[in-house]
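Below is one structure; the comments refer to it alone.
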Amino acid sequence: MVGFIVAPFFRKPPENWVTIGKSNEFQIGKTVAVTVTDPSPLPWAGVTAKSGVWLRRVSEDSFIAFSANCTHLGCPVRWLEGADLFMCPCHGGVYYRDGKVAAGPPPLPLFRYDVRVADGEVQMKQAIVPISTTL
Amino acid sequence: MIKIFKTIWKWLDDRLGISVLISPALHIAPQDAKWWYVFGSATLCAFIIQVASGVALAFSYIPSSSQAYETLQFITNVAPFGRFLRGLHYYGASAMVLMIGAHMAQTFLFGAYKFPREMTWTTGICLLAFTLGMGFTGQLLRWDSTAAWSVVVAAEQAGRVPLIGNWLAQIILGGTSIGGATLSRFFAIHVFVLPGIMFAFIGLHLWLVMRHGISEPPVAGKPVDPATYRAEYEELLKKSGKPFWPDLAWRDVVVTTGLVIAIALAAFFVGPPALDRPPDPSILAADPRPDWYLLWYFGLLSLIPERIEGYVMIGFPILIGLCLLFVPIWNHKGERAASRRPWAIASVCLAVIMIGALWWEGQHSPWSPNFEAQPLTEKVVGATTGSVFEGGRLFHDKGCLNCHLIQGNGGRRGPELTYIADKLTRDNLVIRIVNGGTNMPAYGPSLKPGELDALVAFLETRKRPFPTGAQTNNAASSVSATMK
């Protein structure tokens, strides 16, 4: 019984590469929200199989995929295009466009997911919620 | 006819032992236990409302990550009495938190946790923790965007625990991210695990109340002495005790009836909390906030210095819990009257003021950027063309208005800038904008040529229209001199 309950916590997170779009769909220098869907969710996951990720195209072949979770307490950061900043609605954490902390309580830069371009498609490792294990 | 009923009653009573079952309600209690003693019954009443309304909700609620939101919409908008039922469950939870808080404060101030009722207090503190746990898990079952992101926040907090943080976070998330397993786990905890434990603890708590008796109101100058207390209490009951039912319990009936009516009225006229957007983690325009009874903790975490935040996040609840649990161990005898225990009054006042102030701050959360800030009007900007006008536009577009207030518009995270030109010179403004400052990003690298000048030109117009004091005149002269 206990094994049934705790078994999921010892399951290794999947390491799938997930396609998030054609590379020519993203403008250089722009940061946009993209939706990543868990390729093998539980059948009843519904919309919770989706994750939001901030994707920045740095150059022709370079992308950065930022976790949308503020490293302070995990709230979803928003990208302010005009200000070139990420801002967190919960406690006011602010990050520069490269994810470094600009102001507020976040202890770490925005978490980055592995991202690659393959056959003209932008792909990233499956989005997990990064836990900022800092005291 | 009456004879037949009496015969049936005697048969049922003999076979089921009903008289024995209800006999605790007839126990003798101190006659002075009056209106201050109703909060325990009120808490139990709220718990019963929660059980009844929760069971009813479970008839339609599907604890599935994909369907819970739709079933909540069905319950709220389509099902007969569904909106009322959700309201009943929400205000019942609120009433339970309030009543258990009042019960705890009364018990503490009356010194009723002292010998021989130490374990009655301890089980009550456990019930307080379980009640807050029910409140939090219940908010998550309101499976909308706020609930989904609140799970993430809870996981991040748990992640700060040394060594086992990641593991705890995975327990809360039901994996490495929100998904199908998240909601069903919280449902099991909210509906089976915590209520089961609470039933056991409520039973134990009531058993201890019966075993040690309802504490008599404290009398100044009559301290508790473990060696003589029980004999004195028995003597008091023999001398002036009255049956709990009906001599004393009528007050509990009045208060619990009033509580039920108040909860029902709130559920009917105010209704349940509105559902946010669907629990889709790809919707990033979310602003998770806890329900009111945990808002003070949200405020606390926002206001404490960042360098000690992690320690407070983990240590504060543990410390408070241990302090409350061990109160009767440290202080199990002596004076019970609050008038002889000024530190007890101070503790309760301090706790109420602290929670109230933090709740207020959490409610207004001035540390959060205002994402709803609208562009400044021409009237506020004071120009329709030129660099001042352009600066006013940039002040919004660059996100400055999210954090700074200008004539009542904008956020409150940073200092108000309505009269900033009275305080800072042009050079100061440039330095602040380019380099940033405490809690402010450096805008230098992201500003295009001309934008800095426009922003500064706009901010230089933010001064008091009619200087009233010498100091303001001096400040204005200083700015003027700098500009020349």
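The values are calculated or read from the model by the stated rules, or taken from the named source; none is laboratory data. From a predicted model like this one, the values you see are computed outputs, not experimental measurements. Every residue, glycine as well, gets a Cβ built from its backbone with ideal geometry; the counts of neighbours run over all protein chains shown.
Every residue in the stretch B:266-296 that is within 12 Å of chain A (Cβ to nearest Cβ) and either assigned to a helix (DSSP H, G or I) or hydrophobic (A, V, I, L, M, F, W, C) (or both), please.
Within the stretch B:266-296, B:283, B:284, B:285, B:286 qualify.
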Checklist entry - Going through the stretch A:55-84 one residue at a time, which ones are facing another protein chain (nearest Cβ under 9 Å), out of contact with any His (no Cβ under 9 Å at 6 or more places or on another chain) and either in a loop (DSSP other than H, G, I, E, B) or surrounded by fewer than 24 Cβ atoms within 10 Å (Cβ to Cβ) (or both)? => result A:68, A:71, A:74, A:77, A:78, A:79, A:80, A:81, A:83, A:84
Next on the checklist: So, residue A:127, is that one crowded, with 21+ Cβ neighbours inside 10 Å, over 21 Å from residue B:290 (Cα atoms) and at the interface with chain B (Cβ under 9 Å from one of its Cβ atoms) or not?
Outcome noted: yes
Checklist outcome for this item: Residue hits (the stretch B:214-255; part of a loop (DSSP other than H, G, I, E, B) and either over 20 Å from residue B:116 (Cβ atoms) or not charged (D, E, K, R) (or both)) are B:214, B:215, B:217, B:218, B:219, B:220, B:221, B:223, B:226, B:227, B:228, B:241
Next on the checklist: Conditions first: (1) modelled with pLDDT of 95 or more; (2) part of a loop (DSSP other than H, G, I, E, B); (3) within 14 Å of chain A (Cβ to nearest Cβ). Residue B:395 passes all but one, so which condition is the exception?
Outcome noted: (2)
Checklist outcome for this item: The condition of being in contact with a Leu (Cβ under 6 Å, 6 or more places away or on another chain) and surrounded by 13 or more Cβ atoms within 10 Å (Cβ to Cβ) holds, among A:33, A:45, A:49, only for A:33
Next on the checklist: Please verify whether residue B:188 is of a type outside the set (Phe, Trp, Tyr) and within 28 Å of residue B:315 (Cβ to Cβ), treating the condition exactly as stated.
Outcome noted: no
Checklist entry - If you go through the stretch A:21-36, how many residues are among the polar types (S, T, N, Q) and in a strand (DSSP E or B)? => result 2
Checklist entry - residue B:418 fails exactly one of the following numbered conditions: (1) surrounded by 17 or more Cβ atoms within 10 Å (Cβ to Cβ); (2) more than 12 Å from chain A (Cβ to nearest Cβ); (3) not in a loop (DSSP other than H, G, I, E, B). What is the number of that condition? => result (3)
Next on the checklist: What's the total number of residues in the stretch B:434-449 that are away from chain A (no Cβ under 12 Å) and either hydroxyl-bearing (Ser, Thr, Tyr) or touching a residue at least 12 places away in the same chain (Cβ under 8 Å) (or both)?
Outcome noted: 1
Checklist entry - Has the stretch B:217-224 got at least one residue that is at pLDDT 95 or above, more than 14 Å from every other protein chain (Cβ to nearest Cβ) and touching a Leu at 6+ places or on another chain (Cβ under 8 Å)? => result no
Checklist entry - Which pairs do you get when a residue that is over 22 Å from residue B:141 (Cα atoms), found in the stretch B:89-104, comes within reach of a residue that is modelled with pLDDT of 95 or more and small (Gly, Ala, Ser), reach meaning Cβ atoms under 6 angstrom, with the pair 6+ apart or on two chains? => result B:99/B:42; B:99/B:46; B:103/B:40
Checklist entry - From the set of residues in the stretch A:37-54 that are without any contact (Cβ under 8 Å) to a residue 24 or more places away in the chain and part of a strand (DSSP E or B), which is farthest from the other protein chains (Cβ to nearest Cβ)? => result A:37
Next on the checklist: Yes or no: the stretch B:372-382 includes at least one residue that is farther than 18 Å from residue B:105 by Cα, crowded, with 19+ Cβ neighbours inside 10 Å and either touching a Pro at 6+ places or on another chain (Cβ under 7 Å) or acidic (Asp, Glu) (or both).
Outcome noted: no
Checklist outcome for this item: Cβ pairs under 8 Å, 6+ apart or interchain, first in the stretch B:405-423 and over 18 Å from residue A:88 (Cα atoms), second part of a strand (DSSP E or B) and among the charged types (D, E, K, R), ordered by first then second residue, are none
Checklist entry - In the stretch B:69-77, is there at least one residue being of a type in the set (Ser, Thr, Tyr), surrounded by 15 or more Cβ atoms within 10 Å (Cβ to Cβ) and not in a helix (DSSP H, G or I)? => result no
Next on the checklist: Among (1) under 30 Å from residue A:11 (Cα atoms); (2) modelled with pLDDT under 95; (3) aliphatic (A, V, I, L, M); (4) in a loop (DSSP other than H, G, I, E, B), there is one condition residue A:110 misses while meeting the rest; what is its number?
Outcome noted: (2)
Item to check | Any helices (runs of 4 or more DSSP H) falling wholly within the stretch B:92-187 and containing at least 2 residues that are within 30 Å of residue B:222 (Cα to Cα) and assigned by TED's automatic domain parsing to the domain that holds residue B:55 | outcome: B:118-141
Item to check | Answer residue from the stretch B:36-68, given it is outside any helix (DSSP H, G or I) and surrounded by fewer than 23 Cβ atoms within 10 Å (Cβ to Cβ) and is farthest from the other protein chains (Cβ to nearest Cβ) among those | outcome: B:59
Checklist outcome for this item: When (1) away from chain A (no Cβ under 11 Å); (2) assigned to a loop (DSSP other than H, G, I, E, B); (3) within 17 Å of the chain's Cα centre (by Cα) are applied to residue B:384, the one that fails is (3)
